[in-house]
1. Full extension from residue 454 to residue 532: what is 0.36 nm times the residue separation minus their Cα-Cα distance, to one decimal in nm?
2. For the range 536-608, what's the relative contact order in percent, using C-alpha pairs closer than 8 Å and at least 6 residues apart?
3. Restricting the calculation to Cα positions, tell me the Rg (one decimal) and the Dmax (whole number) of the range 606-699 in Å.
4. Calculate for the chain the 222 nm mean residue ellipticity that helices alone would give, adding -39,500 (n - 2.57) per DSSP H run of length 4 or more and normalising by residue count, nearest 500 deg cm²/dmol.
5. Using the Karplus equation 6.51 cos²θ - 1.76 cosθ + 1.60 (θ = phi - 60°), what ³J(HN,Hα) coupling, rounded to whole Hz, does each residue of the range 107-118 give in order, writing x for Gly and Pro?
6. Please determine, in degrees from 0 to 90 and to the nearest 10, the orientation of helix 377-403 with respect to the longest principal axis defined by the Cα atoms of the chain, where the helix direction is its Cα long axis.
7. Taking the alpha-carbon centroid of each part, what is the distance from the range 497-544 to the range 211-234 in angstrom?
8. Output wanted: per-residue J couplings in Hz (rounded whole) for the range 472-483, from phi through Karplus 6.51 cos²θ - 1.76 cosθ + 1.60, θ = phi - 60°, x for Gly and Pro.
Amino acid sequence: MIFNYIKIAWRNLTKQKLYSLINISGLAIGLAVCMMIMMYVAHETSYDRFHKNANLVFIPHAQIKMGGSVMNMEYLSYASGGIIKQSQPTVKAYMRTLGYFKPVIVNTPSAADAKFSEDKLLFADPGFFNFFSFKLLSGSANDVLNKPFTVVLSRDMAKKYFGTNDPIGKTITIKTDSAYTYQVTGVAENAPSNSSIKFNFVASNQSLLAMKEAPALVGAPSQLSYGSFSVYLQLKNAADTATLAKGMNAMAKGEKIFDDIKFKFDALTDTHLHGFDSFSNIKYLKIFPLVAGLILLLALVNYMSLSTARATLRAKEVGVRKVAGASRKAIAIQFYVESALFTVLSFILGYLLCYLITPWFLNVLELKIDNSFLYSPQVLLLLGGLLLLTALVAGSYPSLVLSAFKPVVTLKGKMGKQAGGVTVRKIFTTLQFAISIGLIICGIVIDRQLYFFRHADTGIDKDNVVMVPIGSSVGKKYPAFKHDVQSLAGVSGVATSHTAMFKGYDVSFFDGKAKGENVAIAFLIADKNFMQTLGLKWKYPPAANIELVSRTKTIINESAITALHLPANPIGSFIKSGDQKIEVVGVLKDFNFTSMESTVKPLTLYIANDTDKYFSKFGCNLFAKVKPHTNLPTLISTMQGIYKKYDEDTPFNYTFMDDAFNEQYKAEDRLASIFSIFTSITIVLATMGLFGLAAFTIEQRTKEIGIRKVLGASLASINALLSQDFLKLVVLAIVIASPVAWWAMHNWLQNFAYRINISWWMFAAAGAAAVITAIITVSYHAIRAGIANPVDSLRSE
């Protein structure tokens, strides 16, 4: 019986090629998008769940209140892990790791001249490969990190530096601030793509303790305190976090680290989406599944609409089968089998489309997903569930409608145009265009907001400025390097700052107006050229004869006047940080040194010489203002050559300041790019649905069109007559979509301190696009019908 149903379904599929193509391709597109987003969401929510006891591992962090400011302390001192384990009975085990904060230079003794810049150097305690479930390909998990200057390589790094040779027992040189020789004791499988802990090299913590950098990284030697280490705690019971927090808060209060400190805990499995270093934007996980559901809904609506629209062609078949004794259940099963066949074919085509577009999607998100995850049981189960759900939903409405036909009515040919629920099809069409119009409006708003960010006056001249990070390895040679760059013909000015612009900032605390109030203020250390090179504007310039190079004198911005409760003209006022009094000698107009998602933050700026030990010890950033019409590739190449004179080992890196500014809106850029694709897909699906429905509707009115032509109706009047019913639905869709889109975008824009206003033309543009699309789609069929010979249409049955 089932085989017979499949045979009938295949005949109908091949007989009605146009409608079959629309149904299968439309459903395939919807399924492809849904599959792609399902894989993405499944991957993002699976982070770190592959570790044994992952549900018992928590990461402590502290919230510190200093006056009116709240700071989050993510990392702890080296000693903190042992102190917590020893004093808190709820803790079963702990692990300390430190991800080295900058790239390192790596080479092997056998190829000393072949030096590579590498990232993801991780220092860890000896039990790292027992505490976590990273797979060791060679070496013993109990021994690989037991000694100083031992290292485990990832599989990719082992292949890169040792080829097919066994690296165990061989040595490798890793240069941080100084070069150290490590013995390779193990090789680990590359960290999975759904791991929040990434590594190319895992070195022992004992190595770190023996390095020159240790004092600055280890932190307080014998107390629970802030530092540079991620501390992972495995609890005996996942519900013990409240008890542990209470115990740690009491310890911190007893040691008087800060006046007001409270410890909280993040589950390891929540780190990726909710942790401090999250690279995933949680907004994606809210928006993408919603859009995927809407696109799949559009595809299903297309299928059900076209299936029921062509009901009259199957009406007599249903009537004959019922007269012959077939039950409604048997007929419903037949149509379900037909829908299942369409769904399976669409699913196969959709999977092929998903396979082709997923690399693009992941590239836009700058995300890597291992093939092993894409073919994991979890993903295969999700795909199977999607296939089953689609088959059930796609076949439900057509089978109910078609199986309900009454044999007496169908065999007498009285079904007419009402068969299959004209009202329902109108609702479907309206819904399709409402979704498409809503997404078009959202896409326009997102695009305009991003345009506003890039073209707004930020108070800083960020165009044609090259930022070059200078490591501590350059040291006291930095003034010479800066002089050489300044001498280049294509450079109009250079400046120095201890941090790059738009890549974070440091904070210091000042006494507020109230007793005990501490105010967090961003600070910069820069040279005298900084303001001129970056085009900063003065509100109150310093006196001409004042010496600016001093840590007891500072320049502030306008926002700092309000934050520190200073006079309107604060020149000559003093602010206090700890025991140090600092004189305000100048005020800059506010400029955005962070993202425009937030208001301009208060800032203090200290002037230093190029020889300042802060620059030579911790490194700095050089800003080179490029003259107009300069050959940039040649200039950058020349700067690289100069850089190599002073630092042969560290790779030359540079960033254009406007690129760094735009980088802050990467999440919104990704959202805009993907939104534009999703919007295009919804328009295509809505157009396909309208195309098929218009073709069928006009086919049903063939005789009417023939009669009108005989009576003298023009092609334009016929086109207008056939189009107006569909245009009414599109106009209704505009009315429905506009308030919903306005509400969604109004809420989205509240995330930004500086934002555009939602204008009427955005709704008009989206509506016009929908109307034009509908007119073109319907007109194609209307014109074909209008130019047909009326004799043929009147003669046809």
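The values are calculated or read from the model by the stated rules, or taken from the named source; none is laboratory data. Small disclaimer: the values here were computed from a predicted structure and weren't measured. In this analysis, Cβ positions are derived from the backbone assuming ideal geometry, glycine residues included, and neighbour counts consider all displayed protein chains. SASA here: full protein model, heavy atoms, side chains in, ligands and nucleic acids out. Shrake-Rupley method; radii C 1.70, N 1.55, O 1.52, S 1.80 Å.
1. Fully extending the segment from residue 454 to residue 532 adds 25.9 nm.
2. 46
3. Reported Rg and Dmax, both Å: 26.1, 84.
4. The helix-only estimate for the chain comes to -16500 deg cm²/dmol at 222 nm.
5. Rounded to whole hertz, the list is 7, 10, x, 6, 9, 4, 7, 8, 9, 10, 8, 10.
6. Tilt of helix 377-403: around 30 degrees.
7. 29
8. 3J(HN,Hα) across the range 472-483, in whole Hz: 5, 5, 6, x, 6, 7, 4, x, 5, 4, 4, 5.
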